[in-house]
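Trainee: Got a structure for you, written out below as C-alpha cells; questions coming shortly.
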C-alpha cells in the first residue's frame with residue numbers, strides 16, 4: 001500500500017499545475033466517457049448483481065447496487081454539475097496589511113490526498129472522484145465489496161480520461177483490497193493521507209474514528225428532535241413534525257423524537273396521535289405522554305435510538321428549558337428544531353443548543369447540501385471541527401497564508 | 001477522571017448564558033486578582049524552583065519556570081489584552097436565503113471542552129485559561145510536572161474569581177495527575193473533550209497524535225527554508241536569510257536550510273559564508289556548496305533536522321523547480337520563503353508549495369499570531385485542517401447553522 005500511496009502523493013502536485021478551465025474540461029470529458037462506455041459499466045454491474053443474488057443481499061441493498069442506462073446518465077449529469085461549480089481553490093478568504101506593511105492573504109488550497117470509505121452505491125465512485133478532482137485533491141476510494149466490479153469499471157472510465165490528458169491515473173485511485181484490513185491500514189497512513197471521510201454504517205464509523213491517525217470527517221448518525229412550544233402555531237407545528245418524521249424516515253436528518261411543551265400537551269396530543277397514525281407511524285411515549293394517549297411507553301434505549309424507520313418517540317417537556325435539557329442528553333448534534341412564535345423562547349433554543357443545524361419553524365429535513373444550495377455535497381459532517389453539517393466542495397479545501405513583503409525582517 | 005470531565009461538560013453550558021460584557025468584566029477581575037495574589041503565586045513558584053534545583057533542571061528550563069512580580073504583571077496584562085479582544089462567539093460568518101426562502105446563517109460558537117497539554121512556562125496557564133474563557137470554552141489544563149505548584153496557585157486565583165461570580169470552578173480545570181498516564185487517559189475521552197492542543201516537545205506531540213481519539217491541533221516542529229533565486233535583490237536576500245536564521249534560532253519559524261539558485265551560487269556563496277560566520281552561525285553545505293566554500297558537508301539527517309540553534313544547512317538547487325523539489329522533500333509545511341524580483345518565479349513558488357505560510361521577500365520569522373495581528377495567539381498550528389499556522393482566538397471556535405423558517409417542509 002505504501003508504494004501505491006507514494007504515487008498518489010506524487011500525483012497530487014500535478015493537480016496544482018492544472019488550470020481551472022482545464023479541470024472543468026476534463027470533468028466534462030469524464031461525463032461523456034461515462035455515457036460512451038455505459039455498456040462496460042453495466043456489464044460489470046451485472047457481475048455484482050449476480051453475486052448479490054447468490055449471497056442473498058437485502059432488496060434495499062440490491063436496489064442501491066443496481067445500475068441501468070438512466071442511472072448512468074444521472075451519474076454523468078452529476079459530474080457535469082460538479083464541473084460547473086465555482087472554482088474552490090485559490091479563493092482569497094481573508095486579507096490584510098500587518099503593522100510591518102506585509103500584505104497577508106489567506107487563500108483556499110486543496111487538502112491533498114483524501115481517502116473516502118463508502119458502501120453499496122456505485123455512483124459515489126464518480127461523484128466523489130469528480131468532487132476531489134474539481135477541488136484538486138487526489139482521491140483514494142474504498143468502496144463496498146459488494147459493488148467492486150461496478151466501482152472498478154467506473155474508475156477505469158475516469159482514469160482513461162486522465163490518461164488521454166497525460167495525467168497520472170493515481171489521481172483517482174481505487175484500493176484493491178476492499179476488506180476491513182485494507183481500511184485498517186489506510187487510516188493509519190498519516191504520512192501520505194491528509195483526510196479520511198467514512199460514509200457508511202455505525203460500525204465502520206466507530207472503527208475508523210477509534211483507530212485512525214489520519215484526520216477524520218465523520219458522517220455519523222442523526223438523532224434529531226422537534227420541539228413544539230406552547231407559543232407555537234399548532235398547524236405549522238404539526239405539518240413540520242409530520243414532514244420531519246415521515247417524508248423520508250430512513251435518512252439522518254429525519255426526526256426521531258417529538259418534544260411537546262407540558263403547557264399544551266393535553267390539548268394537542270390526541271391530534272398528534274391521529275395525524276401520525278394516519279401515516280402508519282409507530283408511536284412510543286414518555287411517562288407523561290402515555291397518560292394522555294394510548295401508546296406504548298418509550299424507554300431510555302428508545303430515546304437513544306436513530307430508528308431510520310417510521311417510528312417516533314414523544315416526550316412531554318417543561319417548556320424550552322426542558323427541551324434543551326432533553327436534547328443535550330439525547331441529541332447527536334445533527335439537526336434540532338423549535339416551533340414557536342415567541343422570539344425570546346426561540347433565541348434561547350437557538351443560542352443554547354449545540355448542533356450542526358438549528359431550525360426555527362422549519363423541518364430538520366433541510367439539513368442537506370442540496371437544500372442549503374451547495375450544488376453538490378460531500379456529505380453531512382457530524383464532526384465539530386473543519387466541516388460541520390452539510391459539507392459542500394469547500395469542505396475539501398483548507399488554506400495557506402501567502403505573505404507578500406519587500407524585504408521585511410524582524 | 002470521568003466525573004471530573006462530566007462536571008466540565010455540565011459547566012460548559014453556563015458559559016453560553018454569559019453575556020459578552022460579563023465575560024470581559026470577569027477577565028478584568030482575573031487580571032486584578034493575579035496582581036493582588038502575587039505573593040501566593042510567588043510562594044508556590046519558589047517551591048517549584050527548589051525542586052527544579054534539586055533535580056538539576058537545565059538553566060533554560062529554570063528560566064522558563066521562574067516567576068517574579070514583573071512576570072506576574074505581564075501575565076495580568078496578557079489577560080487584559082485577551083479581555084479586550086473582539087467577541088469571538090456569535091459572529092455571522094456567512095448567510096443567505098435558500099430556494100425554499102429559508103434564511104440560513106453560519107454563526108461562530110465555542111468548540112466546547114478544550115484540553116491543553118503544555119510544559120514549563122506557568123504563564124501558559126493564565127493565557128490559555130483566559131483565551132478559552134473569552135471564547136466560551138471550558139479548558140482542561142495539563143501543565144508540566146515541574147511547574148505544578150505554580151500552575152495550581154495560578155488556577156486557584158482564576159477559580160476564585162469564577163466563584164465570586166457564582167460560576168462553576170470546573171470552567172477552568174487543572175488535571176491533578178500531570179503524568180503521561182494522565183495524558184494518555186485524557187486524549188481518549190472523546191465523549192467529553194472536543195479538542196486537544198498539545199504544546200511541547202516532539203515526544204509529547206507524537207504520543208498525542210498517535211493515541212488520541214479526541215481531535216488534535218498539533219503545535220509541531222518547523223523545518224523552514226529560504227530560497228534565494230537568481231533574480232533576487234542580493235542585499236535584501238542576505239538580510240532576510242540572516243534574520244530568519246539568527247534573530248531567534250530557537251523558535252519554530254526560524255530557518256534551518258538556505259537554498260541558493262545554482263545560477264548565482266558561485267557569485268554569492270562567499271558573501272553568505274562571511275555574513276553568517278560573523279554571527280557565529282555553524283554552516284553545513286550540500287555537495288555543490290562545499291565545492292564553493294570550505295564548510296563541513298551536510299548529510300540527509302541534517303536536512304531533516306530542526307536545529308533550534310544557530311546552525312544552518314546550505315543547498316544549491318536548480319532554480320525554483322529545484323527549490324520546490326527540495327522543500328517538498330524536507331519541509332514540514334510550516335513556513336517557506338522565496339527571495340526574487342521575478343513575478344513568474346514567485347507565482348510558481350507561492351502556488352506550488354503547500355505550507356501554512358509562504359513568504360515573498362520577507363523573513364519566515366513573521367509566522368506568529370502577534371506579527372499577523374491576531375492580538376493573542378493560541379499557538380502555531382501544524383495541522384492541515386480547522387486551524388493552520390498562527391492560530392488566533394477564532395481557532396477556538398467552530399460554527400453552527402441557524403435556519404430561520406416560517407413553516408417550511410420538504
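FYI, it's all coordinate maths here, none of it is from the lab. Quick caveat, the model's predicted, so the values are computed rather than measured. Every residue, glycine among them, receives a Cβ derived from its backbone with ideal geometry; neighbour counts consider all protein chains shown.
Trainee: Highest mean first, what order results for B:134-141, B:215-222, A:12-19 on Cβ atoms within 10 Å? Can you show the working numbers first?
Mentor: Working: B:134-141: 26.1, B:215-222: 21.8, A:12-19: 15.9.
Going from most to least packed, we get B:134-141, B:215-222, A:12-19.
Trainee: May I ask you to order B:195-208, A:83-96, A:111-124, A:197-210 by the average number of other C-beta atoms within 10 Å around their residues, highest value first? Don't skip to the answer; put the middle values down first.
Mentor: Details: B:195-208: 18.4, A:83-96: 14.6, A:111-124: 23.6, A:197-210: 16.9.
So the peptides B:195-208, A:83-96, A:111-124, A:197-210, ranked by packing, come out A:111-124, B:195-208, A:197-210, A:83-96.
Trainee: Give me the distance in nm between label points sitting 7 Å out from Cα along the Cα-to-Cβ direction at residue A:325 and residue B:10, one decimal.
Mentor: Result for the modelled spin labels: 1.3 nm.
Trainee: Per residue, what volume in Å³ does the Cα convex hull of region B:139-199 take up? Can you show the working numbers first?
Mentor: Working: hull volume 5.2 nm³, N = 61.
Once divided by residue count, the hull of region B:139-199 is 86 Å³.
Trainee: In addition: Taking the Cβ of each residue in A:295, B:240 as the centre, tally the other Cβ atoms inside 10 Å and list the residues starting with the fewest. Please list the in-between numbers first.
Mentor: On the way: A:295 19, B:240 27.
Listed from fewest to most nearby Cβ atoms, that is A:295, B:240.
Trainee: Would chain B count as rounded, prolate or oblate if I go by the C-alpha gyration tensor, calling it rounded below 1.5 in a/c and otherwise prolate when a/b exceeds b/c, oblate otherwise? Display every interim value, and only then the final one.
Mentor: On the way: a/c = 2.30, a/b = 1.45, b/c = 1.58.
Oblate.
Trainee: Spin-label point model (7 Å from Cα, Cβ direction): what's the residue B:66 to residue B:304 distance in nm?
Mentor: According to this spin-label approximation, the distance is 3.8 nm.
Trainee: For the rotation that brings chain B onto chain A, whose beta-carbon in chain B is nearest the axis, and what is that distance in whole angstrom?
Mentor: That would be B:386, 2, residue then distance in Å.
Trainee: Per residue of A:371-379, what is the mean number of Cβ atoms on other protein chains within 10 angstrom of that residue's Cβ?
Mentor: Details: counts 8, 8, 7, 1, 0, 0, 0, 0, 0.
For peptide A:371-379, the averaged partner shielding equals 3.
Trainee: Please report, in Å, the Rg and the Dmax of the protein assembly as shown, where both are computed over Cα atoms only.
Mentor: Here Rg and the maximum Cα pair distance are 28.7, 93 Å.
Trainee: Can you pull the three principal axis extents for the Cα set of region A:1-48, in Å, largest first?
Mentor: 36, 33, 9
Trainee: In degrees from 0 to 90, rounded to the nearest 10, what is the angle of the helix A:234-246 Cα long axis to the longest principal axis of chain A?
Mentor: Compared with the principal axis, the helix lies near 50 degrees.
Trainee: Continuing with this model, one more query. Helix B:38-54 sits at what angle to the longest principal axis of chain B, using alpha carbons and giving 0 to 90 degrees rounded to 10?
Mentor: Once rounded, one gets 50 degrees.
Trainee: Across the Cα atoms of region B:46-125, what radius of gyration and what greatest pairwise Cα-Cα distance (Dmax) are found, in Å?
Mentor: 21.7, 70
Trainee: Continuing with the same structure: Taking square-rooted eigenvalues a ≥ b ≥ c of the alpha carbon gyration tensor, is region A:57-201 rounded, prolate or oblate, where a/c under 1.5 means rounded and, failing that, a/b exceeding b/c means prolate?
Mentor: Values: a/c = 2.27, a/b = 1.73, b/c = 1.31.
It is prolate, given that a/c is not under 1.5 and a/b is the larger ratio.
Trainee: Every other copy gets compared here: list the nm distances from the residue B:60 label point (7 Å along Cα to Cβ) to its counterparts, shortest first, one decimal.
Mentor: In nanometres, ordered from closest: 5.9.
Trainee: Using mean Cβ contacts within 10 Å as the protection proxy, how do A:353-362, B:263-272 order, highest first?
Mentor: Working: A:353-362: 25.3, B:263-272: 16.5.
Per-residue mean Cβ counts within 10 Å order the peptides as A:353-362, B:263-272.
Trainee: Here is a further query. Using a Förster radius of 22 Å, what is the FRET efficiency between residue A:291 and residue A:311 based on their Cβ-Cβ separation? Nearest 0.05, please.
Mentor: Values: r = 21 Å, r/R0 = 0.93.
Taking R0 as 22 Å, the efficiency between residue A:291 and residue A:311 is 0.60.
Trainee: Need one value for A:96-104: mean number of C-beta atoms belonging to other chains within 10 Å of its residues' C-beta atoms. Write down the numbers at each step before the final one.
Mentor: Details: counts 2, 1, 6, 4, 5, 1, 9, 2, 6.
For peptide A:96-104, the averaged partner shielding equals 4.
Trainee: What is the mean number of Cβ atoms from other protein chains located within 10 Å of the Cβ atom of each residue in peptide B:384-393, rounded to a whole number?
Mentor: On the way: counts 10, 13, 7, 4, 6, 4, 2, 0, 0, 0.
Counting Cβ atoms of other protein chains within 10 Å of each residue's Cβ and averaging gives 5.
Trainee: By count of other Cβ within 10 Å, fewest leading, how are A:189, B:1 ordered?
Mentor: Values: A:189 20, B:1 14.
Ordered from fewest to most neighbouring Cβ atoms within 10 Å, A:189, B:1 come out as B:1, A:189.
Trainee: On a 0 to 90° scale, report how tilted helix B:20-36 is relative to the longest principal axis of chain B, with both axes built from alpha carbons and the result rounded to the nearest 10.
Mentor: 80 degrees
Trainee: Any idea what log10 I(q)/I(0) is at q = 0.13, 0.14 Å⁻¹ for region B:224-370, Debye with uniform C-alpha scatterers and no solvent?
Mentor: Here log10 of I(q) over I(0) equals -0.47, -0.55.
Trainee: Right, next: Once you keep just the Cα pairs under 8 angstrom separated by 6 or more residues, what percentage relative contact order results for chain A?
Mentor: Working: 790 pairs, mean separation 68.6, N = 410.
Across chain A, relative contact order equals 17 percent.
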